[in-house]
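Heads up, the thing below is written out as structure tokens.
The values are calculated or read from the model by the stated rules, or taken from the named source; none is laboratory data. None of these values were measured; they are calculated from a predicted model. Counting neighbours? That spans all protein chains shown, and the Cβs are built from the backbone with ideal geometry, glycine included.
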Amino acid sequence: MMEFLLELHDAGELPGFAPIEMTVPYHAPCQLKSQGMGMPALDVLRLIPGLEVIESGATCCGIAGTYGLKKEKFEIAQAVGKPLFDMVRETNQDLALCDTETCRWQIQKGSGVRTEHPIWLIHQAYGLSA
């Protein structure tokens, strides 16, 4: 989805965004990084005037699919994700962004910060939601 929006932007076909004055953390999931396609969500989000997006730099949130949901692996998953959870809380205590559902669960559980898909903020920047 974000790759498609970036392609529209590159072709000059993506309508402009309304400003959003905010700093928000963004975490690129491991599987996205391994695809070698860059971070299209980060590129699109940075087109929103007033929005400062801080890429987490974390290697992993710790969930690893369903690994971190297993009772016997939970503590390990939380330890792996701790640097990311700390970064999220330090950057914005109200909102974080991540492309993958299981990663969003992990980030929200570990940090206590509402974590949404990047399209959620795109939707707001087009005035389609409050």
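Here are some notes:
- Boolean, Thr66 is of a type in the set (S, T, N, Q) and closer than 28 Å to Gly16 by Cβ: no
- Residue in the stretch 60-75 that is within 14 Å of Val24 (Cα to Cα), of a type outside the set (Ser, Thr, Tyr) and free of Cβ contacts under 8 Å to residues at least 60 places away in the same chain present: no
- Any hit, the stretch 68-79, residues being modelled with pLDDT under 90, small (Gly, Ala, Ser) and surrounded by 15 or more Cβ atoms within 10 Å (Cβ to Cβ): yes
- The stretch 91-130 - residue that is in a helix (DSSP H, G or I) and β-branched (Val, Ile, Thr) and, of those, surrounded by the most Cβ atoms within 10 Å (Cβ to Cβ): Ile107
- Failed criterion for Ile48 (all others in (1) in contact with a Ser or Thr (Cβ under 8 Å, 6 or more places away or on another chain); (2) not in a helix (DSSP H, G or I) hold): (1)
- Qualifying residue in the stretch 79-95 (condition: free of Cβ contacts under 8 Å to residues at least 40 places away in the same chain, of a type in the set (Ser, Thr, Tyr) and closer than 25 Å to Gln124 by Cβ): no
A quick yes/no check of all residues on (1) within 18 Å of Pro19 (Cα to Cα); (2) touching a helix residue (DSSP H, G or I) at 6+ places or on another chain (Cβ under 6 Å); (3) polar (S, T, N, Q):
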site	(1), (2), (3)
Cys61	no, yes, no
Ala77	no, yes, no
Arg89	no, yes, no
Glu101	no, no, no
Lys109	no, no, no
Arg114	no, no, no
His123	yes, no, no
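- Some residue of the stretch 2-21 being buried (at least 20 other Cβ atoms within 10 Å of the Cβ), modelled with pLDDT of 90 or more and touching a strand residue (DSSP E or B) at 6+ places or on another chain (Cβ under 7 Å): no
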